[in-house]
1. Looking at the stretch 16-55 from every direction and averaging, what is the projected area of its Cα convex hull in nm²?
2. Starting from a Cα-only point model with no solvent, please compute log10 I(q)/I(0) by Debye for the stretch 157-281 at q = 0.12, 0.15, 0.19, 0.22 1/Å.
3. Determine ³J(HN,Hα), in whole Hz, for all residues of the stretch 264-273 in sequence, where each value follows from phi through the Karplus function 6.51 cos²θ - 1.76 cosθ + 1.60 and θ = phi - 60°; x replaces Gly and Pro.
4. Residues of the chain: accessible area per residue at 1.4 Å, in Å²?
5. Val275 accessible area, nearest 10 Å², 1.4 Å probe?
6. Give me the base-10 log of I(q)/I(0) for the stretch 85-171 at each q in 0.12, 0.20, 0.21 Å⁻¹, Debye formula, one uniform scatterer per Cα, rounded to two decimals.
7. Can you list residues from other chains, or at least 5 along the same chain, whose modelled amide H is less than 5 Å from the amide H of Arg93?
8. Nearest 5 is fine: what % of DSSP beta bridges in the stretch 25-127 come out antiparallel, could you say?
Amino acid sequence: MNLVEHLRLPPGPVDLTQWATDEAHDFDGSKSDGKDALAELGADLADLQERLFAEGRTEGSRSVLLVLQGMDTSGKGGVVRHTVGLIDPQGVRITSFKAPTKDELAHDFLWRIEKALPAAGLVGVFDRSHYEDVLIARVRELASAEEIERRYGAINDFEQQLVASGTVVVKCMLHVSHEVQKERLLARLDDPTKYWKFNPGDIDERELWPDYREAYEVALERTNTEIAPWHVIPADKKWYRNLAVGWLLRDALQGLNPQWPDADFDIDEQRARLVDEAPLT
């Protein structure tokens, strides 16, 4: 599917102002059509994920890690609900990384990440991730420039080891516009049922938009590798954002091509036991 390649970030310097936030790459349908396409995608995702889960229950060692990064209101939670929610929850592990605890700060920044990696057969989802440690840490100067520089290399090494161990890493930068973020924040203030989602600190972070854009551009360039490439997902249209991540997730699972495990028992023998069992008295 050319759409998957269309979303992939090419190597080299990154200028996010050149990446549209409101496109629906090569998808000619309407919003309703997009939602229908996502629902149809669910059957493929569910089947592939169940095969991967079954493989992991036997001797399989493979897994998928979906990394979701983006500015506030870009829709990380929406992707989790609408796209990841199409597959069986027993085969998914979702981790939302908040500010590190005192215990986590006593270790290297990847320590808590390693503890949350998906086991064999699972689809892991990071709602925010290890990239927070080169994004907000850079903007808010929570670490020195030297330490931030070290972390880019550490992330690349970490992801290379993940891939080598059998984990497919799907990295998605949900690219929302400054204008749409404002609309979504205002919508939260206009709806009492969404007050709980609003944080005054979001406006503080919004004032640093140019700094965050630069931090994302540097991080994307420095960690966009052949084995763990970045994908830039237009996120102004929620329906397209959800569908695009669904395409990428399906593409990753199809690449693994998980197969149903063979029986490790005598099928005829077990069938005979059931057929010939004595009736209950």
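The values are calculated or read from the model by the stated rules, or taken from the named source; none is laboratory data. No experiment lies behind these values; they were computed from the predicted model shown. Note: accessible area is taken over every heavy atom of the protein model, side chains too, but ligands, DNA and RNA are not part of it. Shrake-Rupley method; radii C 1.70, N 1.55, O 1.52, S 1.80 Å.
1. Details: hull surface 17.7 nm².
Over all viewing directions, the stretch 16-55 projects a mean Cα-hull area of 4.4 nm².
2. Results for the stretch 157-281 at q = 0.12, 0.15, 0.19, 0.22 Å⁻¹ read -0.70, -0.92, -1.19, -1.28.
3. Once θ is set to phi - 60°, the couplings for the stretch 264-273 become 9, 9, 7, 5, 4, 5, 5, 5, 5, 4 Hz.
4. On the way: 14930 Å² over 281 residues.
Using a 1.4 Å probe on heavy atoms only, each residue of the chain averages 53 Å².
5. Approximately 110 Å² for this residue.
6. For the stretch 85-171, the Cα-only Debye profile gives -0.40, -1.02, -1.10.
7. So Arg93 has HN proximity to Val123, Gly124, Val125.
8. Values: 0 of 10 bridges.
In the stretch 25-127, DSSP labels about 0 percent of beta bridges as antiparallel.
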